1. Can you give the extra length, in nm with one decimal, that the chain gains between ASP151 and ASN107 once fully stretched, where that is 0.36 nm per residue apart less the Cα-Cα distance?
2. Report in % the part of the accessible area of region 1-117 that belongs to carbon and sulfur, leaving out ligands and nucleic acids; probe 1.4 Å.
3. Starting from region 1-89, pick out the chymotrypsin sites (Phe, Trp or Tyr not before Pro) whose DSSP state is loop and whose Cβ has at most 14 other Cβ atoms within 10 Å.
4. I want to verify a result. In a Gaussian network model of the chain, Cα cutoff 10 Å, which of these has the top mean-square fluctuation: SER90, SER126, SER51?
5. Can I get the semi-axes of region 82-122's equivalent ellipsoid? Compute them from the C-alpha gyration tensor as square roots of 5 times the eigenvalues, in angstrom, largest first.
6. Could you tell me the convex hull volume per residue, in Å³, taken over the Cα atoms of the chain?
7. Could you tell me the calculated FRET efficiency between ALA73 and MET48, based on Cβ-Cβ distance and R0 = 30 angstrom, to the nearest 0.05?
8. Along region 25-33, what does the Karplus equation 6.51 cos²θ - 1.76 cosθ + 1.60 (θ = phi - 60°) give for ³J(HN,Hα), rounded to whole Hz, x for Gly and Pro?
Amino acid sequence: VGRLFEDEDTGLCRLRRAACLLADIGWHEHPDYRAEQVYFRILRLPLMALSHVEKTMIALAVFRRYSGARRGATLRVANALLGQEETDWSRRLGAALRLAETLTGGNSVLLQGTQLRLDAERLTLSLAAGQADLCGDLVRTRFGALAKLFDVTGVIESND
């Protein structure tokens, strides 16, 4: 996920790492309510080292990781506190986390040999030899959604 956010400053890097650590906080929730429950749980966490805006950025990223809807009363806090730049960052991070979870099922070992590269025109997902089977329709859909959030074309490469 870090290579998608190479231009971020140390503050955003810190928030991205926190969102990655919290990304599975809602695995046990019912799928119909998971995104919303996670969003509100993170907003209510006693994270003293974060501002309200920072906590909201993390909450929105994890909300999007669980495919929460982009509109509605649930996001009232995010819509009030975050500007377009913060919202875009959170949405991109959430989509990247969603793709990573889909590829691995939560087993980060499966990311070894997998690489994401972003340039001005394209987002490339490179799969190591033997990993082509990980790239089903759902991975392709979520990868395409991530590329769209970066306003680039998505390309999947396999070393098989």
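1. Numbers: separation 44, 0.36 × 44 = 15.84 nm, distance 2.87 nm.
Extra length from ASP151 to ASN107 when fully extended: 13.0 nm.
2. Numbers: 3390 of 6650 Å².
The C+S portion of the solvent-accessible surface of region 1-117 is 51 percent.
3. On the way: sites: PHE5, TRP27, TYR33, TYR39, PHE40, PHE63, TYR66, TRP89; in loops: TRP27, TYR33, TYR66.
Qualifying residues, ordered by number: TRP27, TYR33.
4. Maximum fluctuation in the GNM of the chain, among the listed residues, is at SER51.
5. Numbers: eigenvalues 109, 44, 8 Å².
With the √(5λ) rule applied to region 82-122, the semi-axes are 23, 15, 6 Å.
6. Working: hull volume 18.7 nm³, N = 160.
Per residue, the Cα convex hull of the chain comes to 117 Å³.
7. Details: r = 28 Å, r/R0 = 0.92.
Result of the calculation: an efficiency of 0.60.
8. 4, x, 4, 8, 6, 4, x, 5, 10
The values are calculated or read from the model by the stated rules, or taken from the named source; none is laboratory data. Since this is a predicted model, take the numbers as computed values, not measurements. FYI the Cβ positions are ideal-geometry reconstructions off the backbone, even for glycines, and counts take in every protein chain you see. These accessible areas exclude ligands, DNA and RNA; they are computed on the full protein's heavy atoms, side chains included. Shrake-Rupley method; radii C 1.70, N 1.55, O 1.52, S 1.80 Å.
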